[in-house]
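Undergrad: Quick one: structure below, then a few questions.
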Amino acid sequence: MSKGKTVENRAEELLIPIAKRHGVEIYDVEYVKEGGEWYLRAYIDKADGVNIQDCENVSRKLSDRLDEEDFIEEAYILEVSSPGWGDR
């Protein structure tokens, strides 16, 4: 398994209870290198769409759990957002 997939899988495991607690679903998790920077991106969704507060709440909790687990060797940027589908 590639390093990226390992990070994605472990991050998603940490995200599952956080997403449930905040009433959102996990759409995707990706760990990618772009322009020399590593990004851990979590995409969340819910029936009536996510808002900035949903993203902030999940981001804070996920960041805390990632800090506790400390399994990502590289410096990275955490992003939590919607899948970006626009109008439904």
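Undergrad: Would you point out which residue out of ILE26, ILE18 is surrounded by 13 or more Cβ atoms within 10 Å (Cβ to Cβ), in contact (Cβ under 8 Å) with a residue 40 or more places away in the chain and out of contact with any Ser or Thr (no Cβ under 9 Å at 6 or more places or on another chain)?
TA: ILE18
Undergrad: What number goes with the only condition from (1) modelled with pLDDT of 95 or more; (2) surrounded by 11 or more Cβ atoms within 10 Å (Cβ to Cβ) that GLU68 does not pass?
TA: Going through (1) modelled with pLDDT of 95 or more; (2) surrounded by 11 or more Cβ atoms within 10 Å (Cβ to Cβ) one by one, GLU68 breaks only (2).
Undergrad: Could you say whether any residue in region 29-49 is aliphatic (A, V, I, L, M), open to solvent by 70 Å² or more (accessible area, probe 1.4 Å), free of Cβ contacts under 8 Å to residues at least 24 places away in the same chain and part of a helix (DSSP H, G or I)?
TA: No; the residues of region 29-49 include none that is aliphatic (A, V, I, L, M), open to solvent by 70 Å² or more (accessible area, probe 1.4 Å), free of Cβ contacts under 8 Å to residues at least 24 places away in the same chain and part of a helix (DSSP H, G or I).
Undergrad: Among the residues of region 18-57, which ones are at pLDDT below 95 and of a type in the set (Asp, Glu)?
TA: Across region 18-57, the qualifying residue is only ASP48.
Undergrad: On the given criteria, is GLU73 part of a helix (DSSP H, G or I), open to solvent by 70 Å² or more (accessible area, probe 1.4 Å), under 22 Å from SER2 (Cα atoms) and among the acidic types (Asp, Glu)?
TA: Judged against the criteria, GLU73 is not a match.
Undergrad: Which of (1) outside any helix (DSSP H, G or I); (2) of a type outside the set (D, E, K, R); (3) open to solvent by 30 Å² or more (accessible area, probe 1.4 Å) is the odd one out, the single condition THR6 does not satisfy?
TA: (1)
The values are calculated or read from the model by the stated rules, or taken from the named source; none is laboratory data. These numbers were taken from a predicted model, which means no experiment stands behind them. Quick reminder, even Gly has a Cβ in these numbers, built from the backbone with ideal geometry, and neighbours come from all protein chains shown. Only protein heavy atoms, including side chains, enter the accessible area calculation; ligands, DNA and RNA are left aside. Shrake-Rupley method; radii C 1.70, N 1.55, O 1.52, S 1.80 Å.
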